[in-house]
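These notes are about the structure you will find just below.
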Amino acid sequence: MKVASFLAPVLVCLVALPAWAHFIFIATRPNAAGKPAVHILFGDDSIASEAKFLDNVAHTKVWAHEAGKPPVEVKLEKEIMGENGTWMGATDVVGRAFTANCEYGVTSRGGAEPSLLVYHAKHIDATDPAALKSFARTENLKLDIVPSFQGEEGELQVLFDGKPAANAQVIIWTPDKYEKETENFTDADGKVKFKANQKGLWQVRARHTNAVAGKKGDKEYKAEKHYCTLVLKNGEVKPEAAAK
């Protein structure tokens, strides 16, 4: 992962190749007016995304989660700052987690069989232990990453349709090494373990292929490719992880 520059209705077509290097991430930080806001980024991390790709995920849906209450959809608008941008929703962020879903469309690359590409995302401010307990599992995500901690030992469980996703790819970026990543694959229980001995902004991406064929409009696909990102804050975020 690199600290990149910032990053349409569902198109039933073969989508542009740049999307294969992009994923949906959620960030919480003030908007251009200085108000609390949630941001959807379409790039390779939760730090920044290029404005020119935002329309590819204009149909993304975002929900705010509060303990003991049903999720509430957040209305989004485009916020552009030079070459950078996000889909932004002005909303309270304290005590809330956020999730997002985006069915990108039918894609094909390098002669591979076409697949339905679906993005999922989650953001948790785990500086409050109660938030982690309340929001670790979010049932509105078809592909979910469920974090847990015991001291400096961390565990991630990947669930698809609520069931463990075995052999799912999981990539973890630690708070102090944004240019480095650790690749893991889940066990039979959908779990991977990691050393959680740092504080700051953790970023995780999981991939799961659902070998189910289907059709969107006049485009057939051979499988569903699901990606989920998790942005988890468990301490003070370093300046390089702040919005550019």
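The values are calculated or read from the model by the stated rules, or taken from the named source; none is laboratory data. The shown structure was predicted, so the numbers you read here are calculated from the model rather than taken from an experiment. Backbone-built Cβ (ideal geometry, glycine too); neighbour counts: all protein chains shown.
Residues being surrounded by fewer than 17 Cβ atoms within 10 Å (Cβ to Cβ) and either at positive phi or modelled with pLDDT of 95 or more (or both) are represented in the stretch 121-137 by at least one member. Identification of strands (runs of 3 or more DSSP E) wholly contained in the stretch 162-223 with 1 or more residues that are of a type in the set (A, V, I, L, M), crowded, with 20+ Cβ neighbours inside 10 Å and in contact with a Pro (Cβ under 6 Å, 6 or more places away or on another chain) yields 201-210.
Looking only at residues in the stretch 97-125 that are within 16 Å of the chain's Cα centre (by Cα) and charged (D, E, K, R), the one that is nearest to Glu236 (Cα to Cα) is Asp125.
So which strands (runs of 3 or more DSSP E) are wholly in the stretch 1-98 and hold at least 3 residues that are modelled with pLDDT of 95 or more and in contact with a Leu (Cβ under 8 Å, 6 or more places away or on another chain)? Spell out the reasoning first.
Numbers: elements: 23-28, 37-43, 61-65, 72-74, 77-81, 84-90.
Where strands (runs of 3 or more DSSP E) fall fully within the stretch 1-98 and carry at least 3 residues being modelled with pLDDT of 95 or more and in contact with a Leu (Cβ under 8 Å, 6 or more places away or on another chain), they are 23-28, 37-43, 84-90.
Looking across the stretch 45-74 at every residue that is within 14 Å of the chain's Cα centre (by Cα) and among the charged types (D, E, K, R), the one that is surrounded by the fewest Cβ atoms within 10 Å (Cβ to Cβ) is identified as Lys61. Of the set (1) surrounded by fewer than 17 Cβ atoms within 10 Å (Cβ to Cβ); (2) more than 16 Å from the chain's Cα centre (by Cα); (3) of a type in the set (S, T, N, Q), all apply to Asn140 but (2).
Step by step: first the residues of the stretch 93-114, then only those that are small (Gly, Ala, Ser) and surrounded by 21 or more Cβ atoms within 10 Å (Cβ to Cβ), then the one that is farthest from Lys163 (Cα to Cα). Which residue is that?
The residue in question is Gly105.
Among the numbered conditions (1) at pLDDT below 95; (2) outside any strand (DSSP E or B), the only one that Phe149 does not meet is (2).
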